[in-house]
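Okay, so here's the structure we're looking at.
Quick note: the coordinates plus some simple rules give every number you see, no bench work behind them. Keep in mind the model is a prediction, meaning the values are calculated, not measured. Neighbour counts are summed over all protein chains in view; Cβ atoms, including those assigned to glycine, are modelled from backbone coordinates with ideal geometry.
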Amino acid sequence: ETGVTQSPTHLIKTRGQQVTLRCSSQSGHNTVSWYQQALGQGPQFIFQYYREEENGRGNFPPRFSGLQFPNYSSELNVNALELDDSALYLCASSTRLPYNEQFFGPGTRLTVL
Amino acid sequence: DQQVKQNSPSLSVQEGRISILNCDYTNSMFDYFLWYKKYPAEGPTFLISISSIKDKNEDGRFTVFLNKSAKHLSLHIVPSQPGDSAVYFCAASREGFGNEKLTFGTGTRLTIIP
């Protein structure tokens, strides 16, 4: 069974640029959630995708957007990068059942200069 | 508004003793709670969970206790081992489709002293 994978591992961008982060969900999982973890904080929910549609969104501006593909992999896009976007971005996959456990990838460390 | 709180940023425990990590929540709609462990440069790893219909759940050395009236849960690790040194996050969610987002606390760094 393949776990959740994310790419790239690290990324450095400058303010105003755009970035795309990628996630492959665990085998058998049809739901992908994205979280942002700033230094010293817990992960903050960005949004979730189920069957290629957004299914819930946290308190993040529209410049954070996403996609889910038919194979359940997902992308997180961030436009007009700001310094505060520097964080660890985590992808988690799960099945769409009550009392679900979400399984996390290793994350992408984004640094905005 | 921090709906899930872990008020102890760090905790040091002697190897072989009990580690107790605490978590409080404010949203009474939460009915499913999870603990994750995180090592540096890795994503959070699921440890143990509990639903609001229970007040205790055990898995090996790990036990989670839930006190709904106090909106408090705790994770007990017995006996503590050096490999348990990590950051522990408490998370909460609501039952039902469309409510699966996890709300995390800020974490407690557990250090096991050999």
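In this label model, residue B:7 and residue A:39 are separated by 2.8 nm, measuring between points 7 Å along each Cα→Cβ vector.
Mind checking the range B:19-61 for trypsin sites (Lys or Arg not before Pro) that DSSP puts in a loop (not H, G, I, E or B) and that have at most 15 other Cβ atoms within 10 Å? Each step should come with its number before you reach the end.
Details: sites: B:37, B:38, B:54, B:56, B:61; in loops: B:54, B:61.
In loop regions of the range B:19-61 (DSSP not H, G, I, E or B), the sparsely surrounded trypsin sites (Lys or Arg not before Pro) are B:54, B:61.
Average 1/r across all pairs of distinct alpha carbons in chain A, invert it, and you get the Kirkwood radius: 13.9 Å.
With a 10 Å cut-off around each Cβ of B:37-44, the average count of Cβ atoms from other chains is 5. By the compact-protein rule of thumb, 2.2 N^0.38 Å, the alpha-carbon radius of gyration of the range A:55-113 corresponds to a ratio of 1.27. Of the residues B:32, B:22, B:104, the one whose Cα sits farthest toward the positive end of the charge dipole of chain B, with +1 on the Cβ of Lys and Arg and -1 on the Cβ of Asp and Glu, is B:22.
Given a Förster distance of 41 Å, report the FRET efficiency between residue A:71 and residue B:53 from their Cβ-Cβ distance, rounded to the nearest 0.05.
Working: r = 35 Å, r/R0 = 0.86.
Working from the Cβ atoms, E equals 0.70.
Of the residues A:90, B:73, the one with the fewest other Cβ atoms within 10 Å heads the list, and the complete ranking is B:73, A:90.
For the range B:26-106, the square roots of the Cα gyration tensor eigenvalues, ordered a ≥ b ≥ c, give a/c of at least 1.5 with a/b no greater than b/c, which places it in the oblate category. In a fully extended conformation the segment linking residue A:109 and residue A:59 would gain 16.0 nm over its present Cα-Cα distance, using 0.36 nm per residue. Shown for chain B: lysine pairs separated by 8 or more places, or found on different chains, whose C-alpha atoms are under 21 Å apart, numbering 17. Between the beta carbons of residue B:41 and residue A:84, assuming R0 = 30 Å, the FRET efficiency works out to 0.85 to the nearest 0.05. Normalising the Debye intensity of the protein assembly as shown to I(0), with uniform scatterers on Cα atoms only, and taking log10 at q = 0.10, 0.12 Å⁻¹ returns -0.45, -0.65. Cβ-to-Cβ counts within 10 Å put A:81, A:67, A:113 in ascending order as A:113, A:67, A:81, the fewest first. Across peptide A:37-45, the mean count of Cβ atoms from other chains lying within 10 Å of each residue's own Cβ comes to 6. Under the convention that each Lys and Arg Cβ holds +1 and each Asp and Glu Cβ holds -1, the size of the dipole of the protein assembly as shown around its Cα centre is about 260 debye.
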